[in-house]
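**Q** There's a structure below that I have some questions on.
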Amino acid sequence: MSASGECLIIGGGIAGVSCAETLSILQPSLRTVLISASSLVKVATGVRQLTKTLDEFDVEERPFDWVESRNANLSVVWGEVASLNPEEHVVVLRDGRRFTYKLLCICSGGKPKLIANDHPSVIGIRDTESVKEFISKLGDARRVMIVGNGGIATEMASELKDVELIWVVKDDSVSATFVDAGAAQFFLSSRRTRKENNSDHSNTNDDKPKVSKRLKYTEVHPCRSMTTHGSALGPDWAADILMKGKSNGKYDLNIQYSCEVQALMTHEEYLSSGDKSADEDGTKEVRWPVYAKLTNGKTFGCDFVVSATGVTPNLDFARSVLPVDGIAVDGGMKVDERMETCLRDVFAAGDVCTTMWEPAPHWMQMRLWSQARQMGSYAAKCMVAKWNNEEITLDFGFEMFSHATRFFGFKVILLGLFNGQRLGKEYEILLRMNKGEEYIKAIVKDGRLQGAILIGETDLEETFENLILNRIDISRFGEDLLNPDVDIEDYFD
Ligand SMILES: Cc1cc2nc3c(=O)[nH]c(=O)nc-3n(C[C@H](O)[C@H](O)[C@H](O)COP(=O)(O)OP(=O)(O)OC[C@H]3O[C@@H](n4cnc5c(N)ncnc54)[C@H](O)[C@@H]3O)c2cc1C
Ligand SMILES: *[C@@H]1O[C@H](CO)[C@@H](O)[C@H](O)[C@H]1NC(C)=O
């Protein structure tokens, strides 16, 4: 069988769907086919604009016909792309179906990087399926190890209950991908306070309304097993799930800083290794399913290991046709400022791509939900521009990095160079913290705000975004920038 679309999109994650929806808004007459290996697609709903560059939204899984019914000339096809022929403009599915295209957008996302492949005691968290596997294993677990220092690991550390958690991070503080050591401390101490305040072990301490971008779970229909990659979960994937281990009422967080997992051993291998360090915690008589030896010399036995060390872009189907310099060092497909790859008429967006243009001073790529949506929609604009032979300029959203999420029950907003990225060592940090309530960090260089971390209900995002985008000289404020009694906004209206 053979079919064609004028535009073809590979991937039903948020990047692919936002590309399809934008195409159908901008150029409804284009016949578009979206091919998804997962049987449901991810849709951003209830978009709320917080500031010029910052959106919040819910993420829901929807059946194909829901998306089709809203976009007249769009059809969604269930299948896995096996190969791409860029000369002939043809995509071939694993089951042999062929699709031709005039313009193609690759939005195939990524798969979790695992510290060990096909290891029965190692799981990666990526999609609804892997969360189910995780939850079912957790129910029988007393001790779990998490490896990684990004959002997934942070969410787990904040949501897990009734289990002993060993958190292995390669940096010298937790959550380093998103926040700094100070904020990490703020989170960890709030987790402790919350624990002390909650004898019933529920973690619903926040009486403030939850600002949440929630992923609603839907059952995936049963023939899903044809595919190995589903689409990635979204923000707040952890919020609705009860993550509970077997140790009633006992939660223990043990953080191992500045190290990585060096080797995984079975009980027998551990015994014959001569290493005794896993016995030091008094579990000598326990036969743990897996023993993890860390680069700091310690070994821990545990029920299973969660590998949350990032994703590798999914581009196997294109690997043989991509020249070596079409792939970036992080494994992503290189795209220019028109979201075009090095292949003719092929665009890419979301986790699968790596942006190669010279970024605006306060923007950087991070493989996040917000950027997948933004890139998918911008790629569609670029495709339409190419179709109509028109010029296009980079979307405003790429002027400044911004991201909203929740960690440990707190609203977290990241703006600009929030961790001093690219600034070297020469910048000032202004800090305001109220334990258990808010943590505000401003990064200042050359009298200008360069980035910020806003945790809690700070209400500062709009003002700070303005200061960064307009490069306003703030030297006259000095430390008053964070003084709650000084209303900075008044100065700029
Ligand atoms: C557990 C977890 C928690 C996260 N938490 C956050 C968070 O709090 N905030 C945040 O901003 N981001 C978070 N992320 C990251 C975010 O989910 C991703 O950045 C985002 O989903 C990327 O979207 P995408 O559309 O590019 O790719 P994906 O969502 O990965 O979608 C890829 C799509 O391509 C399809 N596909 C892949 N290969 C093929 C093929 N060969 N043929 C056909 N179809 C194919 C897949 O089935 C899927 O539909 C999290 C990720 C994970 C895994
Ligand atoms: C779908 O495309 C056809 C032409 O390809 C066009 O005539 C029709 O108006 C389009 N439908 C909508 C709802 O735009």
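The values are calculated or read from the model by the stated rules, or taken from the named source; none is laboratory data. Owing to the predicted nature of the structure, the values given are computational and were not obtained by experimental measurement. Methodologically, a virtual Cβ is constructed for each residue, glycine included, from the backbone with ideal geometry; neighbour enumeration extends over all protein chains shown.
**Q** Taking the stretch 323-341 only, how many residues are free of Cβ contacts under 8 Å to residues at least 40 places away in the same chain, more than 19 Å from residue 11 (Cβ to Cβ) and not β-branched (Val, Ile, Thr)?
**A** Selection size over the stretch 323-341: 3.
**Q** Just one of 8, 114, 84 is of a type in the set (A, V, I, L, M), touching a residue at least 12 places away in the same chain (Cβ under 8 Å), within 14 Å of ligand 1 (Cβ to nearest atom) and assigned to a loop (DSSP other than H, G, I, E, B); which is it? Show your work before the answer.
**A** On the way: 8 fails: assigned to a loop (DSSP other than H, G, I, E, B); 84 fails: assigned to a loop (DSSP other than H, G, I, E, B).
Criteria check complete, one pass: 114.
**Q** Right, another one. Which of the residues spanning the stretch 388-403 are assigned to a helix (DSSP H, G or I) and surrounded by fewer than 17 Cβ atoms within 10 Å (Cβ to Cβ)? Working first, answer last.
**A** Residues of the stretch 388-403 that are assigned to a helix (DSSP H, G or I), as a first pass: 396-399.
Across the stretch 388-403, the qualifying residue is only 396.
**Q** Applying the selection to the stretch 433-468, what residues are in contact with a helix residue (DSSP H, G or I) (Cβ under 6 Å, 6 or more places away or on another chain) and at pLDDT below 90?
**A** Correct list: 436 only.
**Q** While we're on this one: List the strands (runs of 3 or more DSSP E) inside the stretch 33-78, counting only whole elements, that have at least 2 residues being within 16 Å of ligand 2 (Cβ to nearest atom) and in the same structural domain as residue 369 (by the TED database).
**A** Details: elements: 41-49, 55-62, 74-78.
Those strands (runs of 3 or more DSSP E) span 74-78.
**Q** Further question: In the stretch 313-327, which residues are among the small types (Gly, Ala, Ser), within 14 Å of ligand 1 (Cβ to nearest atom) and under 13 Å from residue 341 (Cβ atoms)?
**A** Filtering the stretch 313-327 down to residues among the small types (Gly, Ala, Ser) leaves 318, 320, 326.
Of the ones still in play, those that are also within 14 Å of ligand 1 (Cβ to nearest atom) are 318, 320.
Passing the criteria: only 318.
**Q** Can you say whether residue 272 is out of contact with any Lys or Arg (no Cβ under 9 Å at 6 or more places or on another chain), loosely packed, with under 14 Cβ neighbours inside 10 Å and touching a residue at least 24 places away in the same chain (Cβ under 8 Å), as far as the supplied structure shows?
**A** Details: out of contact with any Lys or Arg (no Cβ under 9 Å at 6 or more places or on another chain): yes; loosely packed, with under 14 Cβ neighbours inside 10 Å: yes; touching a residue at least 24 places away in the same chain (Cβ under 8 Å): no.
Judged against the criteria, residue 272 is not a match.
**Q** Let me ask you something else. Residues in the stretch 411-425: is at least one surrounded by 14 or more Cβ atoms within 10 Å (Cβ to Cβ), of a type in the set (S, T, N, Q), assigned by the TED database to the domain that holds residue 17 and not in a strand (DSSP E or B)?
**A** no
**Q** To continue, here is another question. Among the residues of the stretch 310-347, how many are among the charged types (D, E, K, R) and over 24 Å from the mean Cα position of the chain (by Cα)? Don't jump to the end; show me each part of the working.
**A** Residues of the stretch 310-347 among the charged types (D, E, K, R): 316, 319, 325, 330, 334, 336-338, 340, 344-345.
Checking which are over 24 Å from the mean Cα position of the chain (by Cα) leaves us with 325, 344-345.
Total satisfying the criteria: 3.
**Q** Got at least one residue in the stretch 454-476 being over 25 Å from residue 410 (Cβ atoms) and among the acidic types (Asp, Glu)? Step through it out loud before you land on a result.
**A** Restricting attention to the stretch 454-476, the residues satisfying the condition of being over 25 Å from residue 410 (Cβ atoms) are 470-476.
Adding the requirement that they be among the acidic types (Asp, Glu) leaves 473.
Scanning the stretch 454-476 turns up at least one residue that is over 25 Å from residue 410 (Cβ atoms) and among the acidic types (Asp, Glu).
Residue-wise test of (1) assigned to a loop (DSSP other than H, G, I, E, B); (2) surrounded by fewer than 13 Cβ atoms within 10 Å (Cβ to Cβ).
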position	(1), (2)
405	no, no
429	no, yes
463	no, no
476	yes, yes
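**Q** Could you run through the stretch 295-323 and say how many residues are within 24 Å of residue 151 (Cα to Cα) and either among the polar types (S, T, N, Q) or surrounded by 20 or more Cβ atoms within 10 Å (Cβ to Cβ) (or both)?
**A** We begin by selecting, within the stretch 295-323, every residue within 24 Å of residue 151 (Cα to Cα); these are 295-296, 300, 302-315.
Applying the additional criterion that residues be either among the polar types (S, T, N, Q) or surrounded by 20 or more Cβ atoms within 10 Å (Cβ to Cβ) (or both) yields 295-296, 300, 302-309, 311-315.
Adding up the residues that qualify gives 16.
**Q** Residue under question is residue 43, and the condition is that it be over 18 Å from residue 352 (Cβ atoms), under 25 Å from the mean Cα position of the chain (by Cα) and within 15 Å of ligand 1 (Cβ to nearest atom); does it hold? Talk me through it step by step, then tell me what you get.
**A** Details: over 18 Å from residue 352 (Cβ atoms): yes; under 25 Å from the mean Cα position of the chain (by Cα): yes; within 15 Å of ligand 1 (Cβ to nearest atom): yes.
When the stated conditions are applied, residue 43 passes them.
**Q** Could you grab me the full set of residues in the stretch 344-380 that are more than 16 Å from ligand 2 (Cβ to nearest atom) and in contact with a Ser or Thr (Cβ under 6 Å, 6 or more places away or on another chain)? Spell out how you get there, then give the answer.
**A** We begin by selecting, within the stretch 344-380, every residue more than 16 Å from ligand 2 (Cβ to nearest atom); these are 344-379.
Hits for the stretch 344-380 are 348, 352, 365, 373, 376, 377.
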